[in-house]
1. For the stretch 102-146, what are the residues that are surrounded by 15 or more Cβ atoms within 10 Å (Cβ to Cβ), of a type outside the set (Val, Ile, Thr) and over 30 Å from Val169 (Cα atoms)?
2. Enumerate the pairs (first residue in the stretch 67-92 and more than 30 Å from Ala165 (Cβ to Cβ) and β-branched (Val, Ile, Thr); second residue anywhere and part of a loop (DSSP other than H, G, I, E, B) and modelled with pLDDT under 85) with beta-carbon separation below 7 Å, excluding pairs fewer than 6 apart on the same chain, so at least 6 apart or on different chains.
3. Inside the stretch 53-85, can you point out the residues that are over 30 Å from Pro106 (Cβ atoms), in a strand (DSSP E or B) and among the small types (Gly, Ala, Ser)?
4. When you go through Arg155, Arg186, Arg179, Arg134 one by one, which is the residue that is modelled with pLDDT of 85 or more and not hydrophobic (A, V, I, L, M, F, W, C)?
5. Of these, Glu159, Glu142, which one is out of contact with any Ser or Thr (no Cβ under 6 Å at 6 or more places or on another chain) and closer than 15 Å to Leu112 by Cβ?
6. Taking the stated definitions as given, is Ala115 closer than 23 Å to Ile153 by Cα and in contact with a Leu (Cβ under 8 Å, 6 or more places away or on another chain)?
7. Residue by residue through the stretch 69-79, note down the ones that are surrounded by 16 or more Cβ atoms within 10 Å (Cβ to Cβ) and out of contact with any Ser or Thr (no Cβ under 8 Å at 6 or more places or on another chain).
8. Does Tyr51 count as hydroxyl-bearing (Ser, Thr, Tyr) and either open to solvent by less than 30 Å² (accessible area, probe 1.4 Å) or in contact with a Lys or Arg (Cβ under 6 Å, 6 or more places away or on another chain) (or both)?
Amino acid sequence: MKQKSVFTSILFLLPFLLPGCRMPPSQKLSPDIVESRIRTVFELPLYEQLYHDIVYVGEEARFFGIKHIDTKLLFSIDIRIQAGIDLLKEISVLPAQDGSLVVLLPEPEILLVDADESTIREYFLKEHGKAISRLDYYDEIEKGKDRVRQEAIERGIIEKSKELARDAVGGLFASDADRKINVRFRSQAGEGKGEKL
């Protein structure tokens, strides 16, 4: 399996997509305003990768030393994976003791692993004693999606999504000088919703 085109970050387009989201610098940022603006941004995935997965399937069986089943299949397929913030989970904006606001975001996670069946390219097919069905393809594609998910996590897709989330929130409030915004993720925060930080 190889990673073909790698990251597409939608976040760099946000200043152009969301010009109406900024407020005059004189307007004070409240936790509700901050949360509302963040939810607008995180309706988009943070990070996407495209993998070109090569799949091999083979089966052999012998009866009294005679090969009666010999099937081989080699094909490729493109698999797209997206990571980001699940907005169904809680976002909190808390005041800190120094007057800044702390944004507590859910941990980024894999939101989508999608195999594009229109990209299947068959390189080799041998069917002796048994046919390879569409179900065999689908089983291998599902295994490929699991491999891609694991490989993307090992290559740092979650960490990259965290970096992009911090950049997005920082960019979103860059023109608001009245309060500093700090971004944390729930697993590293350790604070409850009602506590001062």
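The values are calculated or read from the model by the stated rules, or taken from the named source; none is laboratory data. Worth saying up front: this structure is predicted, and the values here are computed from it rather than measured. Neighbour counts are summed over all protein chains in view; Cβ atoms, including those assigned to glycine, are modelled from backbone coordinates with ideal geometry. SASA here: full protein model, heavy atoms, side chains in, ligands and nucleic acids out. Shrake-Rupley method; radii C 1.70, N 1.55, O 1.52, S 1.80 Å.
1. If the condition is that a residue be surrounded by 15 or more Cβ atoms within 10 Å (Cβ to Cβ), of a type outside the set (Val, Ile, Thr) and over 30 Å from Val169 (Cα atoms), then Ala115, Asp136, Tyr137, Glu140, Gly144, Lys145 are the ones that fit.
2. Ile69/Gly129; Ile69/Lys130; Thr71/Lys130; Thr71/Ile132
3. Gly58, Ala61, Ser76
4. Among Arg155, Arg186, Arg179, Arg134, only Arg155 is modelled with pLDDT of 85 or more and not hydrophobic (A, V, I, L, M, F, W, C).
5. Going through Glu159, Glu142 in turn, just one is out of contact with any Ser or Thr (no Cβ under 6 Å at 6 or more places or on another chain) and closer than 15 Å to Leu112 by Cβ: Glu142.
6. The answer is no for Ala115.
7. Result: Thr71, Leu73, Phe75, Ile79.
8. yes
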